[in-house]
Structure formats: structure tokens, C-alpha cells
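Peer 1: Below is one structure. I have some questions about it.
All of the numbers you see were taken from the coordinates with simple rules; none came from a lab. Quick caveat: nothing in here was measured; it's all calculated off a predicted structure. Cβ coordinates were reconstructed from backbone atoms using ideal geometry, including for glycine residues, and neighbour counts include every protein chain displayed.
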Amino acid sequence: MRGRAGRIGFNRDVSDAPPPGLESIRLHDTRRRAVVPLEPLEPGKVGVYTCGPTVYAPQHLGNMRSQLFPDVLRRMLLASGLDVAYVTNITDVGHLTDDDHDAGDDKVEAAARREGRSAEEIAAHWTAQWAEDRRLLGCLDPDVLPTAAAHVPEQIAMVRTLEAGGHTYRIDDGVYFDVASFPRYAEFAGLDLDELEATGRVENVAHKRHPADFALWKLSPPGVRRLQEWDSPWGPGFPGWHIECSAMSIKYLGERFDIHTGGVDHIRVHHTNEVAQSESALGIHPWVSIWMHNEFLDLGGEKLSKSLGHTLGVGDLVARGIDPLAFRYFFLQAHYRQQQSFSFELLEAAATGYRRLVKHAVAARDAVGGDVTGGDPAVVDEPRRAFWSALADDLNAPQALAVASTVARRDDLAAADRWALLADFDRALGFGLAGAADPDAPATAASDPRIASLLAEREAAREARDFAAADRIRDELKAEGIEVVDTPAGPVARLT
Ligand code: AMP
Ligand code: ZN
């Protein structure tokens with residue numbers, strides 16, 4: 001296995017000394033089931049890995065919660081003066097439709113067959129969509145974005161190490177991890193392996209020694225050529241989903257690293273399996289210092305999905321004229337370890353709060369010509385401490401957001417103090433306040449993502465020579481008092 005030498009470099013926010021309240025950071029660790037102090041493995045540096053999307057379909061707003069919470073975490077770590085290396089992956093192979101049971105189709109491959117496109121095309125399309133959704137939500141780009149398909153040799157090497165250590169066995173459809181070879185297997189998620197054995201599905205028991213055993217390498221069925229397959233010491237096939245994350249996180253962050261994040265649904269299977277194979281291959285414990293998991297966003301189930309014909313994503317917000325950053329504000333209103341219910345009414349309320357915050361911030365910013373250094377320490381120190389210590393306490397974003405909203409509305413604060421505070425808070429909040437426009441100013445294509453998206457749609461329609469659709473969009477904007485003017489540099493929207 002690669003050691004720390006293969007790691008990527010770290011990034012440091014050197015712009016400022018650590019703000020008051022961020023001197024010590026405490027985070028909830030799923031493994032220890034407790035809020036624990038962050039003690040970086042290398043002083044001053046933190047490596048963070050987030051399980052990324054499986055790129056075969058649009059990501060819904062729930063999926064984006066698992067991107068937003070590590071973004072706030074990362075911003076807080078940077079603000080505290082730590083060097084942060086942030087890695088998230090793209091799962092473009094190996095994630096099965098029934099991944100709990102190593103059964104079903106590869107999700108990307110199935111989508112490719114369904115749509116008559118290559119697996120690479122499907123993955124590239126949905127990766128770009130996901131990256132755009134992240135950008136609209138104000139997430140910082142990852143330092144490294146490895147794809148599973150580009151890291152197959154690393155995964156094969158890890159399976160070979162596990163094989164040499166006696167942790168695997170082979171059955172007709174692949175190489176499996178033998179959970180009996182790792183006595184700590186049940187510890188991470190507090191599983192009851194006997195119960196699992198008793199309730200394991202019959203077809204799995206027939207193949208596997210234990211229902212919790214999981215595929216490290218899936219073999220292509222005899223005579224079948226899959227869209228994505230690689231040669232391996234065991235025959236042509238593709239890697240299992242769990243080994244991807246172990247191999248890629250270790251490659252870029254080292255054999256031990258500080259923080260691994262994902263949604264709560266990953267605890268029982270995906271992360272339990274990552275721990276089992278990584279600790280078995282490396283002979284270390286604990287592999288990762290702190291495991292952080294976000295609770296689910298409840299999207300209201302079928303109702304929302306059906307009314308839109310698909311699950312609700314960032315693009316749907318834009319189409320409805322909702323600023324994606326209002327969703328970021330909505331997300332910040334709940335603690336990441338609490339379930340959060342979504343409804344358009346709640347989002348509207350969040351959008352009002354968001355607009356109010358931006359309006360006050362922009363007014364203060366413009367009054368002091370954007371100078372962030374003008375705050376009077378006697379005034380700003382206390383709210384700064386309140387804001388950052390809330391985040392340092394296991395990312396209490398709702399409390400931090402409440403401090404920011406109060407500061408934005410406080411009439412007794414001078415513009416210089418108000419802007420110094422809000423610019424500082426925005427390092428974690430991620431609203432881009434330094435470049436934000438007054439939300440009550442008339443909309444333009446540059447300031448309104450919905451108009452920008454409609455213009456892009458109209459361009460695509462024109463390129464496809466679907467002039468009826470292009471004209472429909474022009475008329476739709478016209479009805480709102482916005483005229484589309486085609487210039488040599490592309491279309492621009494002007495208020496009429
Ligand atoms: P997937 O593409 O299915 O692997 O999911 C990507 C990420 O989204 C994983 O970390 C999941 O745990 C997370 N996730 C899925 N559904 C939700 C939800 N409703 N709320 C929050 N996170 C979710
Ligand atoms: Zn993962």
C-alpha cells in the first residue's frame with residue numbers, strides 16, 4: 001500500500017489568524033459514538049474524504065446535503081488556520097442496484113444500456129451536472145476528484161493485499177471479503193452479526209459464507225462482455241463499490257487520515273466494509289480518526305417526485321426561480337445530525353431570511369467600500385466568538401446562522417463592524433457576500449440564475465434548430481418584462 005508519501009498537498013487559508021472561538025474543534029465521531037476533540041494526525045493539517053455521487057442520474061436535494069455539510073466543515077477548518085486536503089470521489093463503476101446484497105446491475109452500466117450511450121458518456125454527463133449543482137450551492141471545488149474507473153490498479157493492489165493476508169475467498173461471481181477474518185467487523189456500526197446471519201437472504205447465503213461478506217472484485221459472467229471491465233488476477237471484471245473509496249482515500253490522504261464523511265445510510269454497509277478492508281489490508285486501527293455522518297433530508301417522498309416526474313434537484317429550484325443559495329441557507333437552519341424536512345413553504349421562509357441577510361450585508365459592504373478590516377475589536381469580538389464557537393461545537397450551523405442573522409439586522413452596529421463580521425462569517429456560510437448583488441435590485445441574467453438558465457436553454461434549442469422552443473422561452477421572458485437581445489458575444493437579457 002502507498003504510505004503518506006503519495007498524499008496530495010494541503011491548502012491553507014493564510015488570510016487570517018484563527019478567529020476567537022475556533023481554538024479547539026469538537027466533532028461527532030460515529031465510531032466512538034461521541035463528540036470528540038479534533039486532534040490532527042499531523043499538527044496543523046487535516047485530510048477529509050467524502051463519499052461522492054454515483055453518476056447515473058441527477059442528484060436530489062438530499063444527496064446535496066451530504067455535499068453541503070462537509071463544505072461547511074471544510075470552510076471552518078480552513079478558517080481555523082488548518083491546512084485542509086479535501087477529497088471526494090466519483091463512483092462511475094461498481095455501485096450495484098442492490099448494493100446491500102452485492103446483487104443487481106451496475107447503476108452506470110444499466111443507465112448506459114438503457115439510453116444507448118457509453119458508460120463514459122453517462123458518467124461524464126452526470127459528473128458535470130453534479131459539479132454545477134455544487135457550484136450553484138456555493139461549495140468549494142474539491143482538491144482532488146478521483147474517479148473509480150481511473151483507479152482500478154490501486155483497487156486490484158488492495159484486493160491482492162487482502163488475499164495475501166487471508167481475508168478473501170472466491171466464489172463463481174467474484175472475490176469476497178470474509179468478515180469472519182476481521183473480528184472487529186460488527187463494532188463500527190454496532191451490528192448484530194448473528195441476527196444478520198439469521199435474516200440473510202437465501203440466495204446470498206447460498207453464495208457467500210456469511211450474508212455480510214461483500215464483493216471486492218466482481219467477475220464478468222462467462223461469455224458476457226460488459227461495457228466497463230478490466231483484466232485482473234482473478235479474470236475480467238470490475239471492482240466492488242466499497243474498495244473504491246478505501247483505495248482512493250488512502251492514495252490521496254495517506255494510510256491514516258483525519259475525517260471521513262457520508263450520509264447515515266452508509267454506516268451499516270459501505271463504511272463498515274471500508275473499515276474492515278482498510279484496517280485488514282493496512283494492519284492498523286483506527287484507520288480514520290473521525291467518522292461524520294449527515295442525517296437525511298426528508299423530501300416528502302412520492303409527492304414531490306411524482307409531481308415533477310423525477311426527484312427534486314438544484315435545477316428544479318433554478319427553474320422555479322429559487323436561488324440555490326436560499327437552499328444553502330435552508331440547509332444551514334438544521335444541524336447536520338438532525339433529520340430535516342423539506343417543503344417549498346419552509347424553503348420560501350428560508351429564502352426570505354437569506355434575502356434579508358444579503359440585503360443588510362450588501363448595504364454595509366457598499367457603505368465601507370468593501371473594507372473588511374474596519375471592525376472595532378471591542379464590538380466585533382463577542383459576536384465573532386459566538387459564531388465560531390457554535391461551529392467548533394460539532395458544526396452547530398443553526399446557531400451560527402442565528403448569530404449572523406442577528407448581526408445583519410442589528411441597527412446599533414456601524415457599517416464597518418457589520419461588514420467586518422459578515423465577511424468573516426461568510427468564510428463558513430459560503431454565500432459569496434463579497435460579490436453579492438442587492439436582492440431587491442431588478443433581476444438581470446448575471447444576478448438571476450433562473451434567467452441565465454433560461455437563456456442557456458434557449459441557446460441549446462437554437463443550436464438544435466428547435467426555433468419554436470427558443471421563441472417560447474423568449475416570449476416567456478418578455479411576459480416578465482425581460483427582453484432577449486442577441487449580440488455577437490451571445491444573448492443578453494435586458495429589462496424593458
Ligand atoms: P448515492 O449517490 O446514492 O451514493 O448517494 C450520495 C450521497 O447522498 C450519500 O452520501 C448518501 O448517504 C446521501 N443521501 C442519499 N439520500 C439522502 C437524503 N435524503 N438526505 C441526505 N443525504 C442523502
Ligand atoms: Zn464511499
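Peer 1: In whole angstrom, and with the biggest value first, how far do the Cα coordinates of region 11-294 range along each principal axis?
Peer 2: Extents along the principal axes: 62, 44, 31 Å.
Peer 1: Return one number: the angle in degrees, 0 to 90 and rounded to the nearest 10, between the long axis of the Cα atoms of helix 119-136 and the longest principal axis of the Cα atoms of the chain.
Peer 2: Tilt of helix 119-136: around 40 degrees.
Peer 1: Hey, got a sec? Which trypsin sites (Lys or Arg not before Pro) in region 87-144 land in a DSSP loop and have at most 15 other Cβ atoms within 10 Å?
Peer 2: Within region 87-144, the qualifying trypsin sites (Lys or Arg not before Pro) (loop, at most 15 other Cβ atoms within 10 Å) are 117.
Peer 1: For a quick check: sort 352, 127 by the number of other beta carbons within 10 angstrom, fewest at the front.
Peer 2: Ascending number of Cβ neighbours within 10 Å: 352, 127.
Peer 1: Which ordering of 388, 234, 287 is given by a fewest-first count of other beta-carbon atoms within 10 Å?
Peer 2: Listed from fewest to most nearby Cβ atoms, that is 234, 287, 388.
Peer 1: Still on this structure: Counting only DSSP beta bridges with both residues in region 11-294, tell me the antiparallel percent, nearest 5.
Peer 2: Approximately 55 percent, going by the DSSP bridge assignments.
Peer 1: Could you state the angle between the C-alpha long axis of helix 449-463 and the longest principal axis of the C-alpha atoms of the chain, as a value from 0 to 90 degrees rounded to the nearest 10?
Peer 2: 70 degrees
Peer 1: Mean separation of Cα pairs under 8 Å and 6+ residues apart, divided by the residue count of the chain: what relative contact order is that in percent?
Peer 2: 18 percent
Peer 1: If you don't mind, another one. Quick one: the Cα spread of region 7-115 along its three principal axes, in angstroms, biggest first?
Peer 2: Reported extents, whole Å, longest axis first: 54, 31, 29.
Peer 1: Continuing with the same structure: Fewest first, what order do 242, 95 take by the number of other Cβ atoms within 10 Å?
Peer 2: Least crowded to most crowded, the residues run 95, 242.
Peer 1: Now for a separate question. Suppose we look only past 17 Å in the calculated P(r) of region 198-289. What percent of the Cα-Cα pairs does that tail hold?
Peer 2: Across region 198-289, Cα pairs with separations above 17 Å total 60 percent.
Peer 1: Let me ask another. Mind checking which aspartates and glutamates have their C-alpha under 17 Å from residue 208, skipping anything on the same chain fewer than 8 residues away?
Peer 2: The qualifying aspartates and glutamates are 98, 99, 100, 102, 163, 172, 173, 178, 194, 195, 197.
Peer 1: Taking the DSSP beta bridges in the chain as the whole, what percent of them are antiparallel, to the nearest 5?
Peer 2: About 55 percent, rounded to the nearest 5.
Peer 1: With everything on Cα atoms, drop me the angle between helix 344-367 and the longest principal axis of the chain, reported from 0 to 90° to the nearest 10.
Peer 2: 50 degrees
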